[in-house]
Amino acid sequence: MSAARVGFILLSNRHQSLPSTRISVLNMLPYLRDAGFAAEIAYEPAQPNHTPDLSGLDLRALAARYDLVYFQKVHGSSVLQAVRTLEHAGVRTVFGLCDWVTPDMVEATSATAVVTEHLRMLHPVPLRSKMHVVHDGIEQPARRRPPASDNPGSRRRPLRAVLVTSSAPAILPILARPPEWLRVRIVGAYPAPAWRGSRLRWVREQLAVRPAGERLATLSSILDRRIERVPWHPTGVYDQLEQADIGVIPIDMEHAAAWQQKSENRLTLKMAAGLPVITTPIPAYEAVVEHGRNAFFAHGRADWLQHLEALRDPALRQAVGERARAAVLPRFSKEAQAQALIATLQAALARVPAEAAG
């Protein structure tokens with residue numbers, strides 16, 4: 001029996017890939033090929049695009065070349081029409097889903113790879129049997145912080161916390177100002193420090209979008225020497241994790257609805273590095289965190305300060321960090337997620353379309 005031919009429609013170009021493209025597709029390709037799939041990139045945009053116009057794609061050529069086509073995090077009317085055309089031609093399709101509830105794509109495709117069980121449960125009940133959980137796999141499991149130092153943190157020798165985010169917050173959520181014994185480094189979508197013009201524009205933009213009454217507090221946060229903002233980099237982010245003592249994920253509850261559909265990636269990234277993590281609870285994290293054992297949940301600012309104070313104890317930092325790493329490495333490994341993705345592709349290939357079944 002010949003290998004199943006799988007073509008991937010990407011959200012972003014593989015040469016300048018977004019993390020989701022790298023994690024859910026590019027990292028998986030070697031595992032798929034080892035499992036006997038003939039997997040390749042069928043389409044990639046010049047710039048990231050969640051709703052690409054696929055009307056120019058030669059769908060007949062795709063149907064002749066592939067047994068299955070995987071749509072990575074793209075949707076919209078053009079994508080939906082491409083899915084229906086391929087399915088009608090006998091090509092099975094898979095939707096790679098995160099961040100949104102998208103019933104039309106789940107219904108149209110033969111199977112859906114969804115990043116969390118919670119996001120799966122947000123979809124209509126009749127669709128859930130076609131949805132398979134494939135988590136974000138930990139990319140660099142060998143990278144971890146060194147053993148906890150004996151430093152309890154002080155004004156002169158502060159502990160270091162790290163927040164990794166895809167945004168560029170001007171104000172540290174919930175905490176706003178860290179305690180005097182702590183420095184927080186936010187790794188996000190910031191311009192590089194050397195690009196002074198870009199940095200100044202970013203500051204002006206942050207102040208311009210704030211109500212007049214919030215501008216002084218925003219500027220004060222931007223100028224706070226206890227908060228450092230550095231641009232995200234796919235390998236540099238691991239250097240930041242290894243230099244930190246504590247991982248933090250404070251989430252502004254006014255915007256918590258958008259977090260209901262997020263994956264565990266920001267949490268497991270820090271836990272895999274052996275960091276003790278404090279985070280605002282969201283559904284994806286609740287399936288990972290054993291509060292007080294491998295991480296901490298915190299709500300209001302007082303809660304945050306209490307857990308931060310507890311983690312001034314080097315022994316507690318070390319113990320929680322070790323348990324965090326042990327909890328996520330096997331479950332969220334690339335190998336485990338590749339097996340889940342392979343099962344999803346196999347389910348799609350085995351599916352009998354409704355019209356054929358009838």
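Structure data summary
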item	result
Which numbered condition VAL248 fails, given (1) outside any strand (DSSP E or B); (2) surrounded by 15 or more Cβ atoms within 10 Å (Cβ to Cβ); (3) in contact (Cβ under 8 Å) with a residue 24 or more places away in the chain	(1)
Filtered residue count, segment 264-304, keeping only those that are out of contact with any Lys or Arg (no Cβ under 7 Å at 6 or more places or on another chain) and in a helix (DSSP H, G or I)	13
Segment 205-230 - residue that is more than 18 Å from ILE174 (Cα to Cα) and open to solvent by less than 50 Å² (accessible area, probe 1.4 Å) and, of those, modelled with the highest pLDDT	VAL230
Residue within segment 19-35 that is part of a helix (DSSP H, G or I), among the aliphatic types (A, V, I, L, M), in contact with a strand residue (DSSP E or B) (Cβ under 8 Å, 6 or more places away or on another chain) and crowded, with 20+ Cβ neighbours inside 10 Å present	yes
Single unsatisfied condition, PRO169 versus (1) in a helix (DSSP H, G or I); (2) more than 25 Å from ARG144 (Cβ to Cβ); (3) within 26 Å of the chain's Cα centre (by Cα)	(1)
Long-range neighbours under 7 Å by Cβ, at least six apart or interchain, first residue closer than 18 Å to PRO141 by Cα within segment 264-293, second assigned to a strand (DSSP E or B) and hydroxyl-bearing (Ser, Thr, Tyr)	LEU267/THR279
Verdict on SER263 being touching a helix residue (DSSP H, G or I) at 6+ places or on another chain (Cβ under 7 Å) and at pLDDT below 95	yes
So ARG145, is it at negative phi, charged (D, E, K, R) and open to solvent by less than 30 Å² (accessible area, probe 1.4 Å)	yes
Qualifying residues in segment 5-18 (those that are open to solvent by less than 40 Å² (accessible area, probe 1.4 Å) and at pLDDT 95 or above) - the one nearest to CYS98 (Cα to Cα)	LEU11
Qualifying residue in segment 262-269 (condition: in contact with a Leu (Cβ under 7 Å, 6 or more places away or on another chain) and closer than 17 Å to VAL115 by Cβ)	no
Residue pairs meeting the criteria (Cβ under 7 Å; at least 6 apart or on separate chains; first at positive phi and outside any helix (DSSP H, G or I), in segment 67-86; second at pLDDT 95 or above and buried (at least 19 other Cβ atoms within 10 Å of the Cβ))	LYS73/LEU11; LYS73/GLY96
Every pair of residues 6+ apart whose Cβ atoms lie under 9 Å, when the first sits in segment 52-64 and is farther than 11 Å from SER77 by Cβ and open to solvent by 50 Å² or more (accessible area, probe 1.4 Å) while the second is outside any helix (DSSP H, G or I) and modelled with pLDDT of 95 or more	ARG60/ALA89; ALA64/ALA89
Filter result (closer than 22 Å to LEU219 by Cβ and open to solvent by 30 Å² or more (accessible area, probe 1.4 Å)) within segment 159-172	SER167, ILE171
Criterion violated by TRP100 - all others in (1) surrounded by fewer than 17 Cβ atoms within 10 Å (Cβ to Cβ); (2) in contact with a helix residue (DSSP H, G or I) (Cβ under 8 Å, 6 or more places away or on another chain); (3) not basic (Lys, Arg) satisfied	(2)
Selection from segment 103-142 of residues that are part of a loop (DSSP other than H, G, I, E, B) and surrounded by fewer than 18 Cβ atoms within 10 Å (Cβ to Cβ)	LEU122, PRO124, GLN140, PRO141, ALA142
Selected residue [surrounded by 16 or more Cβ atoms within 10 Å (Cβ to Cβ) and at pLDDT below 95] from ARG323, ARG351	ARG351
Segment 278-303, residues that are under 18 Å from LEU159 (Cβ atoms) and within 16 Å of the chain's Cα centre (by Cα)	THR279
Pairs with Cβ under 9 Å, 6+ apart, first in segment 231-245 and touching a residue at least 60 places away in the same chain (Cβ under 8 Å), second open to solvent by 20 Å² or more (accessible area, probe 1.4 Å) and of a type in the set (Asp, Glu)	PRO234/GLU139; TYR238/GLU139
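The values are calculated or read from the model by the stated rules, or taken from the named source; none is laboratory data. Fair warning: this is a prediction, and the values are worked out from it, not measured in the lab. All Cβ positions, glycine included, derive from the backbone under ideal geometry; neighbour counts span all protein chains shown. Each accessible area value is taken on the protein alone, full model and side chains, heavy atoms only, with ligands, DNA and RNA left out. Shrake-Rupley method; radii C 1.70, N 1.55, O 1.52, S 1.80 Å.
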